[in-house]
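The values are calculated or read from the model by the stated rules, or taken from the named source; none is laboratory data. Bear in mind the structure is a predicted one, so any value in this text is a computation, not a measurement. Please note: Cβ atoms are built from the backbone with ideal geometry, for glycine as well, and neighbour counts cover all protein chains shown. Keep in mind that these areas ignore ligands, DNA and RNA; they rest on the heavy atoms of the full protein, side chains included. Shrake-Rupley method; radii C 1.70, N 1.55, O 1.52, S 1.80 Å.
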Amino acid sequence: MTGTDLATLSDLLAGPVVPAARGLLGCRLTGNGVTVRITEVEAYAGTAGDPASHAHRGRTPRNAVMFGPAGHAYVYFTYGMHWCVNVVTGPDGEASAVLLRAGEVVDGPDLARARRPAVRRDVDLARGPARLCAALGIDRSAYGADLLGDGPVRLRPAVAPAPQAAIAAGPRVGVTGAHDVPWRFWLAGDPTVSAYRRHVPRVRR
């Protein structure tokens, strides 16, 4: 990897969220001794008409890192039990981020298995956003980390960019607003991609 590679990745992340999301497929994320090749992502815009985004209503202490700079980690806790990690994108001051939904463990599989001892198949080690964080040992301590730096959680370009023809797109998962927006992207046919479950609104009793 060269400085040029990182500069190209930095430029990609500083641009619009949808091209950034597509460009993250095949990139490698290392967390605390384990590396995954990213196989599934979801794009979220900020305040510009995306009600599914955590930044839709403006800046808060929770989402502040989404407002830039690009290339930093937005980590949040969900359902009272799971961590999820996003890559911040776009120009400073314009919140957007890409949720990393799934990946293939390409380095450190023994450590990933130790972190997820109930998993029977290696393709399931990082299959889903919470599982990905668990396999990589990512938690609140990674909030705001510079993913293009040399810290314990870092992002690096793909060994070979994913061909555009190999990228599939569809609706996002588990969001109550704008769930049919086709901003989930994945590597078609990859066994580590999570299963799609369409959002079903809860019935109030």
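Can you tell me which residue is most open to solvent (accessible area, probe 1.4 Å) among those in region 159-174 that are part of a helix (DSSP H, G or I) and without any contact (Cβ under 8 Å) to a residue 24 or more places away in the chain? Once the filter is applied, the top-ranked residue is ALA165. Exactly one residue out of GLY103, GLY128, GLY108 is open to solvent by less than 70 Å² (accessible area, probe 1.4 Å), of a type outside the set (Asp, Glu), touching a residue at least 24 places away in the same chain (Cβ under 8 Å) and farther than 27 Å from VAL18 by Cβ, and it is GLY108.
Of all residues in region 175-185, those that are at pLDDT 75 or above and open to solvent by 50 Å² or more (accessible area, probe 1.4 Å) total 3. For region 60-86, a residue qualifies if it is open to solvent by 60 Å² or more (accessible area, probe 1.4 Å) and of a type in the set (Gly, Ala, Ser), and exactly one does: GLY80.
Say whether the condition of being on the phi < 0 side of the Ramachandran plot, under 18 Å from the mean Cα position of the chain (by Cα) and small (Gly, Ala, Ser) is met by at least one residue in region 114-131. So far as region 114-131 goes, yes, one or more of its residues are on the phi < 0 side of the Ramachandran plot, under 18 Å from the mean Cα position of the chain (by Cα) and small (Gly, Ala, Ser).
The criterion of at least 1 residues that are more than 18 Å from LEU9 (Cα to Cα) and among the aromatic types (Phe, Trp, Tyr) is met, among strands (runs of 3 or more DSSP E) falling completely within region 64-148, by 73-78, 82-88. Note on region 28-59: among residues that are of a type in the set (A, V, I, L, M, F, W, C) and buried (at least 21 other Cβ atoms within 10 Å of the Cβ), the one that is nearest to LEU155 (Cα to Cα) is LEU29.
Of all the numbered requirements in (1) surrounded by fewer than 21 Cβ atoms within 10 Å (Cβ to Cβ); (2) at pLDDT below 95; (3) over 21 Å from ARG156 (Cβ atoms), ALA95 misses one, and that requirement is (1).
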